[in-house]
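The structure appears below as structure tokens.
Here, each number is a calculation from the coordinates, and none is a lab measurement. As the structure is a computational prediction, the values presented were derived from the model and not from experiment. Here the Cβ is made from the backbone with ideal geometry for all residues, glycine too, and neighbour counts use every protein chain on show.
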Amino acid sequence: MGVSAAQRGSLEVVTLAGADRPPGLSEALGGVGVRYADAAELAAALPGAPVLFVWDFRSDALRSAWSAAGDLRWVHAASAGVDPLLFDELLASDVVLTNSRGVFDEPIAEYVLALVLAFAKDLPATVRWQGQRRWRHRETERVTGARALVVGTGPIGRAIGRRLRAAGLRVAGAGRTARPDDPDLGTVHAGAELPAALGAADYVVLAAPLTEQTRGLIDAAMLAAMKPTARLVNVGRGPLVVIDDLVAALAAGRIAGAALDVFPDEPLPADSPLWTMPQVIVSPHMSGDVVGWREELVDLFADNLQRWRHDQPLRNVVDKARGYVTGASS
């Protein structure tokens, strides 16, 4: 990667982090030094640094500090999504970008299954009625045989597909390339087929990365293509959905519900109507965050740093032109 043996031997890793810092990072890295910088300090910390660990993965501070990043050779993100890092200057550079693929796949898949079950079994209403001490008997829905469309065929989408299939749902996928018999997602529909695929689904799960092609993907037209009994689940990126269009569709009963873990603006503004819509489940960007997830992120970076120092292939190298990971995750 164009870094001398002397640089590797006296390495100090710059870590972009605010008050929330990665647990046990110095211990995990052994004799490698760690220099912490928040967004305001990053430009001053970057000169001479070949490695940046982006712990504050929602920050776009590297874009502003890029003029000071002349020695940078590798950036690792403590997240699966890397859209804040895909700015023009980094894309045009020879800096290698890796992410934390693999840490969040199964936890997010479990979360999606929980949301599907919550909708089918009307659990939000049960909790509301319990709080009011009201006895309201209802009939619920089966998930066995229901149809789910997973939009996004990366590792998280695949984990979701496997989990939903194991629960008895009939799963299809949507991605860049159509395939008739995917082992995890069954039939995968290409972009032009998305409206028809949406119309067949009882649950539409968004697990796609944020790119220029996917920004605003679910708009009024796509929501109109869904069944009025369908639910939308977004665990991908907030800007995949045009929120005003979603609110209008929910208010008009054009779809039956939505479960949203990500939003264009986070935290979700207090005046958003999504907070009080009874058919909506709001969660604070937590679908992949299980006990021990921070330690897993540190361990993954530490392993990659060892590989980098010994000129071994890195895990989770991102194809910067397309915004997704190439090769295996482990």
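Per-structure values
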item	result
Ellipticity estimate at 222 nm from DSSP helix runs (n ≥ 4, -39,500 (n - 2.57)) divided over the chain, nearest 500	-8000 deg cm²/dmol
Neighbourhood charge, 11 Å Cβ-Cβ cut-off, centred on R294 and excluding it, Lys, Arg +1 and Asp, Glu -1	-4
Separation in nanometres of the label points that stand 7 Å from Cα toward Cβ, at E27 and A220	5.6 nm
Contour excess over end-to-end distance, with Cα ends at A192 and Q213 and 0.36 nm allotted per residue	6.3 nm
Gained length - M277 relative to H137, 0.36 nm times residue gap less alpha-carbon distance	48.3 nm
Relative contact order, percent, segment 215-291 [alpha-carbon distance under 8 Å, six or more residues apart]	32 percent
Antiparallel %, DSSP beta bridges [both residues in segment 105-282], to 5	10 percent
Size descriptor, Kirkwood hydrodynamic radius, that averages inverse alpha-carbon separations across the chain, Å	21.2 Å
Where GluC sites (Glu not before Pro) in DSSP loops with at most 14 other Cβ within 10 Å are excluded, longest remaining stretch of the chain	1-138
Within a Gaussian network of the chain (alpha carbon springs, distance under 10 Å), most fluctuating of P22, P239, P124	P124
Peptides ranked, highest mean first, by Cβ atoms within 10 Å: ranges 75-81, 283-289, 308-314	75-81, 283-289, 308-314
Potential extension, K121-A39 segment - 0.36 nm per residue separation minus Cα distance	25.1 nm
Percentage relative contact order, segment 14-66, counting C-alpha pairs under 8 Å, at least six apart	48 percent
Qualifying trypsin sites (Lys or Arg not before Pro) for segment 110-190 [loop in DSSP, other Cβ within 10 Å: at most 16]	K121, R133, R134, R136, R138, R142, R176
Value of relative contact order over the chain, rounded to a whole percent, pairs C-alpha under 8 Å and six or more apart	15 percent
